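The values are calculated or read from the model by the stated rules, or taken from the named source; none is laboratory data. Note that the structure is predicted; figures quoted are calculated from it, not measured. In this analysis, Cβ positions are derived from the backbone assuming ideal geometry, glycine residues included, and neighbour counts consider all displayed protein chains. Heavy atoms of the whole protein, side chains included, go into the accessibility calculation; ligands, DNA and RNA do not. Shrake-Rupley method; radii C 1.70, N 1.55, O 1.52, S 1.80 Å.
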Amino acid sequence: MPEKGIIEPCLLKGEDLPGETPLYQYLSIEKFLYLRVWKRVTFSRITSWLDAYEGFRFDYFNKFLSVPEFADNKNDDFFGSCWSLQNEDICLFVDSREYEAALEELKKEGSASMWEAYCRYGGVRIKTTINKLNELFATKLSECKLLRRGKVYYEPKEIYNTIEGISTFFAKPISFRHESEYRYILLPNKPKDEKLIYFEIGDLFHLIDEILVAPATKANKWISRTLYNIGVGISIAPHREENVKNGKQFCRISQLYGKISEDTDHFDMV
């Protein structure tokens with residue numbers, strides 16, 4: 001840890017992160033229930049993304065497809081999976097102590113912007129690591145090629161508009177910086193008609209290191225507590241009796257908007 005007043009340099013572009021780096025993903029109620037029931041992580045076709053700077057509105061495919069390696073590919077051939085590093089720009093803080101405190105708060109309660117964007121009506125944030133996802137995705141490398149994984153960089157428009165090649169998948173305008181995104185891009189060996197590629201999860205408790213349930217207002221706190229009960233169920237199994245993993249509470253409710261009880265024995269539905 002640097003001394004007070006000393007700022008660590010940011011990672012250079014293109015430099016990958018250590019395998020034990022935590023990754024987070026915000027899931028709506030529907031997506032969390034899908035994960036719980038079907039035990040699948042999905043890659044979605046990039047052209048199906050609704051983001052105004054990507055997906056079917058993404059103007060940079062023409063630049064990307066100009067790379068000789070992908071000259072025979074079409075826009076619909078590429079699939080992605082998006083995660084978050086839940087990080088902050090260290091340059092915004094006076095010293096490393098202030099930076100670490102801000103980071104701890106973000107990881108404890110979640111990002112208000114991300115809750116609003118992805119879990120407006122309820123949901124969860126799951127936590128895993130780069131290594132665990134790499135192991136999971138490696139199960140289909142005979143069917144797909146992992147083109148690249150890494151951080152998304154947030155650029156001013158004059159820089160963002162000049163990016164070409166595969167880097168177009170790893171750049172977004174600066175206004176999206178709160179996402180602190182880490183992304184995987186896959187290219188199937190054969191064209192696929194489906195919009196999703198599935199990766200089967202053997203044990204959710206192995207893949208997921210923590211579940212943080214979306215914060216709630218008084219009117220809908222029963223939703224958060226119901227999702228909490230489902231999350232606890234992933235932890236408690238015949239060979240496990242506690243809501244604990246790696247010495248820490250496995251499933252929690254974010255208290256960002258006020259105190260929400262985690263006592264599942266006394267649910268009040270108002």
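Observations on the model:
- Single residue of the range 117-155 satisfying the filter (hydroxyl-bearing (Ser, Thr, Tyr) and assigned to a helix (DSSP H, G or I)) that is farthest from the chain's Cα centre (by Cα): Thr139
- Condition met for Leu186 (surrounded by 15 or more Cβ atoms within 10 Å (Cβ to Cβ) and touching a Ser or Thr at 6+ places or on another chain (Cβ under 7 Å)): no
- Whichever residue in the range 122-135 is open to solvent by less than 20 Å² (accessible area, probe 1.4 Å) and not polar (S, T, N, Q) and, among such residues, is farthest from Tyr34 (Cα to Cα): Ile130
- Long-range neighbours under 6 Å by Cβ, at least six apart or interchain, first residue more than 9 Å from Gly258 (Cα to Cα) within the range 212-223, second open to solvent by 80 Å² or more (accessible area, probe 1.4 Å) and part of a loop (DSSP other than H, G, I, E, B): Trp222/Met269
- Test result for Thr47, open to solvent by less than 70 Å² (accessible area, probe 1.4 Å), modelled with pLDDT under 95 and not small (Gly, Ala, Ser): yes
- All positions within the range 87-116 that are within 17 Å of Leu27 (Cβ to Cβ) and either open to solvent by 70 Å² or more (accessible area, probe 1.4 Å) or not in a helix (DSSP H, G or I) (or both): Gly110, Ser111, Glu116
- Screening Asn229, Asn220 for residues that are surrounded by fewer than 19 Cβ atoms within 10 Å (Cβ to Cβ) and within 21 Å of Ser113 (Cα to Cα) leaves exactly one candidate, Asn220.
- Residue list for the range 232-258, filter: part of a loop (DSSP other than H, G, I, E, B), surrounded by 17 or more Cβ atoms within 10 Å (Cβ to Cβ) and in contact (Cβ under 8 Å) with a residue 40 or more places away in the chain: Phe250, Ser254, Leu256
- Count of the range 140-156 residues, restricted to those that are of a type in the set (Ser, Thr, Tyr) and open to solvent by less than 50 Å² (accessible area, probe 1.4 Å), is 2.
- Single residue of Lys132, Lys192 found to be over 30 Å from Ile253 (Cβ atoms) and not aliphatic (A, V, I, L, M): Lys192
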